[in-house]
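Reading through the structure tokens given below for one structure.
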Amino acid sequence: MTGTETSVAGWLTGRLPDGLFTAAPEVRVDREEITVIGTIDPPDVDDEADASAVRQAEAGRIARFRESTRDQRIEVAREAEHRFDRKVAWGVRCGETSQLFTHLAVPVMTRLRQPQRQVLDTLVAAGVARSRADALSWCVKLVGQHTDSWLDELREAMSKVDEIRDAGPAVD
């Protein structure tokens, strides 16, 4: 975790209502958004229920959680948005089902040379994506899936840099 993630996670740990989640939530932070992903208890289902019935029960539990905790989550989000100058998004894990509630889709500007544009155009022409923007998003997701360990190492190294920087003298 970066220094900012640690600060945000620490504040949320103290601020979230007791019993909102079954454990401390996962907190993700970037320049625009804080995403809080908590775990809730799965519903009790019949032992003979098929996978589809279990997923539907979990989806129902998530929907109930979303509605019944809306006011609490809005209050915490407003405080966090004021304190950390970022929007707050919420997500829930219930059994094998995960769902992110309203979260940001931030435009990102990039410059690509013709070979990179051709890759995106091929994905669009093949029906993999509806537009160059969708194709680029698909590529980023694919790279993320295949480089998790490398990205984890990079994030860990960045976290260490943040720790060393925070231990240094304060800059006015």
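Determine the calculated [θ] at 222 nm for the chain from helices alone, applying -39500 (n - 2.57) to every DSSP H run no shorter than 4 residues and normalising by the residue count; nearest 500 deg cm²/dmol. Walk me through the intermediate numbers first.
Values: 6 runs with 93 residues, N = 172.
My calculation for the chain gives -18000 deg cm²/dmol from helical runs alone.
How many Å² of accessible area per residue for the chain, probe 1.4 Å? Intermediate values should be presented prior to the final figure.
Working: 12400 Å² over 172 residues.
Averaged over the residues of the chain, the accessible area is 72 Å².
How do the peptides 121-128, 45-52 rank, highest first, by the average count of neighbouring beta carbon atoms within 10 Å per residue?
Details: 121-128: 12.6, 45-52: 9.0.
Result, highest mean first: 121-128, 45-52.
Go ahead and set up a Gaussian network model of the chain, Cα springs under 10 Å, then flag whichever of 31, 113, 132 fluctuates most.
The residue that fluctuates most here is 113.
Build a GNM of the chain with springs between Cα atoms under 10 Å: which of 116, 56, 72 gets the top mean-square fluctuation?
116
Count the net charge of all other residues whose Cβ sits under 12 Å from the Cβ of residue 58, scoring Lys and Arg as +1 and Asp and Glu as -1.
On the way: positive: 55, 61, 64, 93; negative: 41, 44, 96.
Net charge in that neighbourhood comes out at +1.
Suppose we keep just the DSSP beta bridges with both residues in the chain; what percent of those would be antiparallel, to 5?
On the way: 8 of 16 bridges.
Antiparallel bridges: around 50 percent, rounded to the nearest 5.
Compute the relative contact order of region 8-47 as a whole-number percentage, counting only Cα pairs closer than 8 Å that sit 6 or more residues apart in sequence.
Numbers: 31 pairs, mean separation 13.2, N = 40.
For region 8-47, the relative contact order is 33 percent.
Tell me, what is the percent relative contact order of region 1-76, built from C-alpha pairs under 8 Å that lie six or more residues apart?
Working: 46 pairs, mean separation 18.1, N = 76.
Contact order relative to length: 24 percent.
Thinking of region 85-124 as a set of Cα atoms, what percent of all their pairs are more than 11 Å apart?
On the way: 594 of 780 pairs.
Tail of the P(r) past 11 Å holds 76 percent of the pairs.
Just to be sure I understand: with springs between alpha-carbon atoms less than 10 Å apart, which residue in 105, 80, 24 has the highest mean-square fluctuation in the Gaussian network model of the chain?
Answer for the Gaussian network model of the chain: 105.
Determine, from the Cβ-Cβ distance of residue 15 and residue 67 and an R0 of 22 Å, the FRET efficiency 1/(1 + (r/R0)^6), rounded to the nearest 0.05. Can you show the working numbers first?
Working: r = 21 Å, r/R0 = 0.96.
After rounding to 0.05, the efficiency reads 0.55.
From the Cα trace of the chain, what convex hull volume per residue do you get, rounded to a whole Å³? Mind dumping the intermediate values first?
Numbers: hull volume 31.7 nm³, N = 172.
Here the figure is 184 Å³ per residue.
Please report the net charge: other residues with Cβ closer than 13 Å to the Cβ of residue 69, K and R +1, D and E -1.
Details: positive: 61, 64, 66, 70, 73; negative: 18, 67, 71, 75.
Residues near residue 69 contribute +1 overall.
Remind me, what semi-axes does region 61-129 give for its equivalent ellipsoid, largest first in whole Å, using sqrt of 5 times each Cα gyration tensor eigenvalue?
Values for region 61-129, descending: 36, 20, 8 Å.
What part of the accessible area of the chain, given as a whole %, is carbon or sulfur when the probe is 1.4 angstrom? Intermediate results must be reported in sequence, preceding the final value.
On the way: 6320 of 12400 Å².
Result for the chain: 51 percent of the exposed heavy-atom area is carbon or sulfur.
How many angstrom lie between the C-alpha centres of region 102-170 and region 36-57?
If we compute the Cα centre of each part, the gap is 32 Å.
The values are calculated or read from the model by the stated rules, or taken from the named source; none is laboratory data. Keep in mind that what you see is a predicted model, and the values were worked out from it rather than measured. A quick note on method: Cβ atoms are made from the backbone with ideal geometry, for glycine too, and the neighbour counts reach across all protein chains shown. Note: areas computed on protein heavy atoms with side chains; ligands, DNA, RNA excluded. Shrake-Rupley method; radii C 1.70, N 1.55, O 1.52, S 1.80 Å.
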